[in-house]
Structure formats: structure tokens, C-alpha cells
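The values are calculated or read from the model by the stated rules, or taken from the named source; none is laboratory data. Because the structure is a prediction, the values reported are computed rather than measured. All Cβ positions, glycine included, derive from the backbone under ideal geometry; neighbour counts span all protein chains shown.
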Amino acid sequence: MKRIRIKEQYCIGCRLCEIHCIAAHSTYKYDLIRTFKHEATRPKPRIVIEEAGETCFALPCRQCTEAHCVRACITGSMKKDPQSGMVFNDPERCVACWTCIAACPYGAIVREGTHSKLAVKCDLCGDNPQCVIHCPNEALVFEDVTEEGDMG
Amino acid sequence: MKYVIIGNSAAAVGAVEGIRMRDQESSITIIAQEPHHTYARPLISYLLSGKVSKERLAYRPDNFYTVNKVMPMLGIKVTRVDSDHKRIYLDDGKQVDYDRLLIATGSRSSEVKIAGMDLQNVFPFYTLTDAQLLQKYLRPHMQAVVLGAGLTALKAAEALVAKKIKTTVVVRSRILRTFLDPAAADMLVAHLRNAGVTLAVGQEVKEVMGKEAAEAVMLADGSTLPCDFVVSAMGIVANKEIVSATSMQVDHGILVDEQLRTSVADVFAAGDVAQGYDCVTGQRRVIPILPVAYAQGEVAGRNMAGDHAAYRGMGMNAVSFLGLPIISAGLLHGEDGDEIHVVEEKASGCYRKLVFRDQRLRGYILVNQVDRAGILTWLIRENVDVSSFKASLIDGTFSYAHLPINVRQRQLS
């Protein structure tokens with residue numbers, strides 16, 4: 001399975017990862033101009049640049065092996081795919097209680113929708129993460145990892 | 001190996017998934033009093049309001065028992081556990097033997113000793129069946145009185161208001177005492193009132209009045225609240241009676257160690273019935289919330305299958321009332337010597353309280369602005385030394401980049 005790895009030493013905080021993440025999750029898929037000019041409710045980025053002084057790096061969902069969000073979810077809508085290892089939220093079953101937000105140690109789950117009615121997170125763009133593809137510095141890389149104690 | 005689980009809610013599901021991490025083959029039997037497929041209990045208020053259908057109440061998919069090779073025995077009550085002979089007795093006269101047993105019987109509504117609580121339209125609100133009975137009874141423009149001040153009571157009130165029922169909640173002292181401090185509670189009270197819920201705060205119920213059906217609720221000050229029905233949600237108690245014939249150590253709940261083992265060999269307990277360790281206080285207490293129930297169940301399951309995993313829970317609540325999100329965790333009040341920081345922004349309706357002790361974050365309350373709260377939960381759970389970045393937590397600018405490099409690298413590797 002593949003994961004996004006953070007290469008802190010290469011990040012310059014340009015925020016292109018955030019911008020391409022927003023476009024990837026808009027109705028104008030991947031189209032930056034239309035997304036930013038025409039999308040009525042612009043999606044929130046599922047990845048954020050963390051900054052303090054000289055330090056900056058992009059932080060997406062870690063797709064944890066033992067995911068706090070999955071364990072905490074009160075509906076069973078937050079799940080970990082046994083094959084891919086990706087953690088995903090079923091929009092049909094989420095009731096927007098935000099228990100996953102209280103549980104995620106990385107702050108990687110965001111409230112979305114016109115009235116914040118859904119918990120959303122990194123979906124790896126169908127194994128084609130736009131944040132990684134558009135990072136000019138290779139400060140994010142998408143690579144194979146083996147999960148310890150993996151069930152897949 | 002024969003695993004038996006008494007209960008069929010979050011802790012039981014966690015145990016099944018925990019057992020199956022290590023043991024794919026041995027038989028698992030689930031015995032539960034409620035007749036339903038495992039469902040997400042906190043969602044019964046959403047069922048009542050119509051926001052969620054019965055099908056979507058399922059906590060795990062329909063094939064959960066099949067996929068995990070579980071034999072469900074539902075609608076059957078366990079009358080007692082005989083731990084000497086590793087046997088449990090059922091109300092249909094049958095017996096079941098076990099090698100490893102998990103008690104995950106949860107909790108139930110407390111019995112309330114007030115005159116009139118036995119009238120036919122006084123509804124408990126704790127199970128799916130309770131919610132279905134109440135759902136059938138509802139007609140638009142009825143008047144309801146809800147007794148209780150916890151999450152269950154307030155979520156019931158939220159659902160009733162959504163169904164156009166004129167609803168009054170009678171609160172003895174303060175709403176959500178285990179979850180909010182007085183300032184945050186006041187903000188929620190104001191929000192609920194704006195949204196059309198009537199709250200009678202600081203009121204004691206004297207009597208539910210009526211001959212066969214409740215017609216009004218009389219308060220201690222002599223005033224009456226006319227109503228078409230009453231919802232009773234005044235606290236919960238652990239379903240621990242089935243072990244009363246054993247030597248098992250019991251307090252408010254069944255006492256368990258960090259591995260969720262009871263004082264009796266091969267018997268584990270998890271969820272609302274268990275009194276396990278709190279990672280913030282180091283004391284044992286019942287933490288009756290779903291995330292703790294699931295996590296305790298999972299750890300119990302792993303250990304039933306031969307592991308030695310440990311878990312300490314934490315009080316943590318996230319909830320959204322009529323559009324107002326609130327999250328809190330850990331210590332909410334603080335004691336002498338604690339460092340407490342409160343930011344209240346009246347204009348935006350945001351409230352943020354942080355409780356520090358010995359350069360560690362020990363608790364927080366967030367109202368309205370709840371994003372990334374889990375980072376705070378993590379700081380509490382992992383007992384992270386915050387001295388180098390405490391200022392950023394207090395002024396709200398904190399990010400992962402503020403963490404000391406060794407902590408950050410360990411966490412992100």
C-alpha cells in the first residue's frame with residue numbers, strides 16, 4: 001500500500017498542495033481557475049501547511065494503522081479499508097458529530113458543507129494524490145510502505 | 001478456544017474485531033438482551049428526528065456476524081455468571097460454557113423515584129426499542145417534558161423540537177455537568193433557547209401528574225408544566241447484576257485493570273459496565289462514552305486472544321446541538337495550582353478553555369471553534385511536555401511545527 005510521506009527539509013510553504021487539494025475536491029475537478037472563481041462553496045483543503053518560525057511542512061492524514069478516528073466513530077461511518085489501508089468516511093452515514101475531530105491526533109479531519117455537515121479527510125485522490133503531484137520541491141512523496149500488524 | 005461476549009454494542013463489536021486480529025478461527029458467541037443487529041446507540045435521537053433511517057443505524061454492516069464468524073444469540077437475557085464452572089445461565093433455561101468471557105452489558109437508565117413515573121406515556125429513551133415506541137406516539141404540536149440534563153436528554157429534546165413538539169427540559173442543577181464548565185453550559189443553554197427548546201434550569205421535579213397517562217409535570221416550586229408525554233433520561237447505571245453471585249470486584253462498575261481483566265480469571269469487562277483506568281487522573285472510573293467502549297472492547301478482545309495490550313481511557317465528548325459544535329476532554333475545571341486559560345469571544349460565540357498542570361495539558365473545552373481538537377486530545381493522552389510551545393496553545397496559533405523536533409519526528413515517521 002502507498003502512503004504520503006512528508007519531507008520536511010524540502011518544504012518552502014508555498015501552499016500549492018493546499019490549492020491543488022481544494023481543486024481536486026471541487027465540482028470542477030482539478031480545474032484551479034473554475035474552482036476558485038466559480039465554486040459556490042469552496043472545499044476545504046484536506047492537507048495543511050504547518051508553520052512556526054523557520055519550520056514548515058505539509059501535514060495530510062497519516063492513514064494510521066490503529067486509527068483513533070475509526071475507533072471513536074459513533075456511527076461506524078469512519079472505516080479503514082482492509083485492502084488499501086486507507087481510512088475513509090462514508091458520507092451517507094456520517095452525522096457530523098465531530099467525534100473523529102476530537103480523536104484525530106493530527107488534526108487531519110475537517111468539517112465541510114454549507115453548514116459543516118460532513119467530516120472529510122484525505123482520500124489519496126484515488127491513489128493519485130494531487131498534493132504530491134503538484135509539489136514543486138518533492139516535499140511530499142507517494143511511496144510504498146508496509147504497515148506493521150497489517151490485516152490486508 | 002471458545003469466546004463468549006455478553007452484549008452487542010460498541011464494546012462487544014470492538015472485542016470481536018480485537019479477537020479477530022489474533023485469532024481467525026475460534027468460535028465467538030454474542031449473547032444480548034436487545035433483539036437488534038448491532039446499532040449505534042447514540043443515533044437513536046437522529047432516528048427520532050427522522051435524520052437517520054433504521055437501516056442507517058447499523059453500527060456495522062449486515063454481514064458483520066457472518067464475516068467475523070460470530071454466532072449471535074439476540075433477545076436473550078443472561079441471568080447469571082458462574083465463574084467457578086465457566087458457565088453462564090440464560091433466561092430461556094439454557095446454559096453456555098466459555099473459555100474466555102467478556103461482559104459488555106452496558107448501562108441502562110437510572111430508575112427515578114418520583115411519583116407518576118409509571119404512567120403509560122412516560123418514555124425511557126435509551127434503546128432502539130425506546131426510540132421506536134416514542135416515534136409511534138409522536139404527533140405534531142404535542143407538548144413534551146424531558147427530565148434530565150445529560151447528552152441523552154438534550155439530544156432527545158433536539159429531536160423533539162425538530163418534530164415540531166413543544167419541548168421543556170427540566171434541569172436540576174446544570175446541563176452536561178461531566179462535559180462542560182458553567183460558562184460553556186451557559187452558552188449552550190442560550191443557544192438551545194434560541195433554537196426553540198425551553199429549559200427550566202434549577203428545578204426539581206416533584207411529581208408526574210395524571211391518572212393513567214401523564215398530563216403535567218409538577219415542579220418543587222409548585223408550578224406545573226402541562227404535557228402530552230414525558231421523556232425520562234436522568235442518568236444511567238451499569239448493568240452489573242449478572243456477576244453478583246461471583247467473587248468479582250465491583251464498584252460503580254465491574255473493576256478492571258489496564259488490560260480490561262476483571263478480578264476473576266478469564267473474565268474481562270469493557271464499555272459502560274466496566275470501571276477502568278482514566279489516563280488523566282490515574283483513577284478507575286466508569287467512562288460511559290462510545291469511543292472508550294469500543295477501545296476497551298478492542299483491547300479486551302486482543303487480550304482474550306492472548307495479547308497483553310493495555311488501555312487507559314479519557315473522558316472526551318464531541319457533540320453538535322442544532323448547529324453548535326462542542327468538544328471537551330480531560331479535566332474541565334482544574335484545581336489549586338493548575339494553570340487555566342480561557343478565551344471567550346462573545347461576537348463569534350467561541351469559547352476555549354485549556355487546563356494545564358505540571359507543564360502538561362490536562363483538559364480542554366472548545367465551543368463553536370472545534371477544528372483540530374484531536375491534537376489537544378493527543379497532547380493530554382501522551383502526557384506531552386508543552387513547556388516549549390505552551391504560548392502557541394494559549395494564543396491559538398499552535399501547529400505541529402511548534403512541537404520539539406524529536407516529538408514531531410517520532411509522531412510523523
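Structural remarks
- All positions within region A:100-129 that are in contact with a Pro (Cβ under 6 Å, 6 or more places away or on another chain) and either under 14 Å from A:GLN63 (Cα atoms) or at the interface with chain B (Cβ under 8 Å from one of its Cβ atoms) (or both): A:CYS122
- Pairs, first aliphatic (A, V, I, L, M) in region A:1-19, second part of a helix (DSSP H, G or I), C-beta under 7 Å, six or more apart: A:ILE4/A:VAL132; A:ILE6/B:LEU412; A:ILE19/A:LEU32
Rundown of residues vs (1) within 14 Å of chain A (Cβ to nearest Cβ); (2) over 30 Å from B:VAL243 (Cβ atoms); (3) of a type outside the set (Ser, Thr, Tyr), yes/no style:
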site	(1), (2), (3)
B:ASP62	yes, yes, yes
B:ILE76	no, no, yes
B:ASP91	no, no, yes
B:VAL96	no, no, yes
B:GLN143	no, yes, yes
B:THR152	yes, no, no
B:GLU158	yes, yes, yes
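- With respect to the stated conditions, A:CYS56 is over 26 Å from B:ALA300 (Cβ atoms), surrounded by fewer than 22 Cβ atoms within 10 Å (Cβ to Cβ) and at the interface with chain B (Cβ under 7 Å from one of its Cβ atoms).
- B:VAL146 passes every criterion in (1) within 16 Å of B:SER109 (Cβ to Cβ); (2) surrounded by fewer than 21 Cβ atoms within 10 Å (Cβ to Cβ) apart from (2).
- For region A:1-60, residues that are out of contact with any strand residue (DSSP E or B) (no Cβ under 9 Å at 6 or more places or on another chain) and at positive phi total 2.
- Picking from residues in region B:290-321 that are within 20 Å of B:ASP266 (Cα to Cα) and among the aromatic types (Phe, Trp, Tyr), the one that is nearest to the other protein chains (Cβ to nearest Cβ) is B:TYR294.
- Candidates B:GLN411, B:GLN369 - the one that is assigned to a helix (DSSP H, G or I), polar (S, T, N, Q) and within 14 Å of another protein chain (Cβ to nearest Cβ): B:GLN411
- Residue match in region A:43-53 (condition: under 26 Å from A:THR99 (Cα atoms), among the charged types (D, E, K, R), crowded, with 22+ Cβ neighbours inside 10 Å and within 11 Å of chain B (Cβ to nearest Cβ)): yes
- Top-ranked residue of region B:155-191 - restricted to ones that are in a helix (DSSP H, G or I) and in contact with a helix residue (DSSP H, G or I) (Cβ under 7 Å, 6 or more places away or on another chain), ranked as surrounded by the most Cβ atoms within 10 Å (Cβ to Cβ): B:ALA156
- Meets criteria (within 13 Å of chain B (Cβ to nearest Cβ), surrounded by 17 or more Cβ atoms within 10 Å (Cβ to Cβ) and at pLDDT below 95) for A:ARG3: yes
- Of the residues examined, A:CYS94 is one that is closer than 23 Å to B:MET316 by Cα and more than 8 Å from every other protein chain (Cβ to nearest Cβ).
- Of all residues in region B:387-399, those being part of a helix (DSSP H, G or I), more than 18 Å from B:ARG360 (Cβ to Cβ) and within 31 Å of the chain's Cα centre (by Cα) number 0.
- When region B:350-404 is filtered for residues that are in contact with a Phe, Trp or Tyr (Cβ under 6 Å, 6 or more places away or on another chain) and among the hydroxyl-bearing types (Ser, Thr, Tyr), only B:SER392 remains.
- Pairs are defined by a Cβ separation below 7 Å, a sequence spacing of at least 6 or placement on different chains, a first member in region B:389-413 that is within 19 Å of A:LYS7 (Cβ to Cβ) and free of Cβ contacts under 8 Å to residues at least 12 places away in the same chain, and a second member that is in a helix (DSSP H, G or I) and of a type in the set (Ser, Thr, Tyr); the pairs so defined are B:ARG408/B:TYR400.
- Candidates B:ARG87, B:ARG56 - the one that is under 21 Å from the mean Cα position of the chain (by Cα) and charged (D, E, K, R): B:ARG56
- Hey, B:VAL355 touching a Pro at 6+ places or on another chain (Cβ under 9 Å), away from chain A (no Cβ under 11 Å) and either buried (at least 22 other Cβ atoms within 10 Å of the Cβ) or among the hydroxyl-bearing types (Ser, Thr, Tyr) (or both) or not: no
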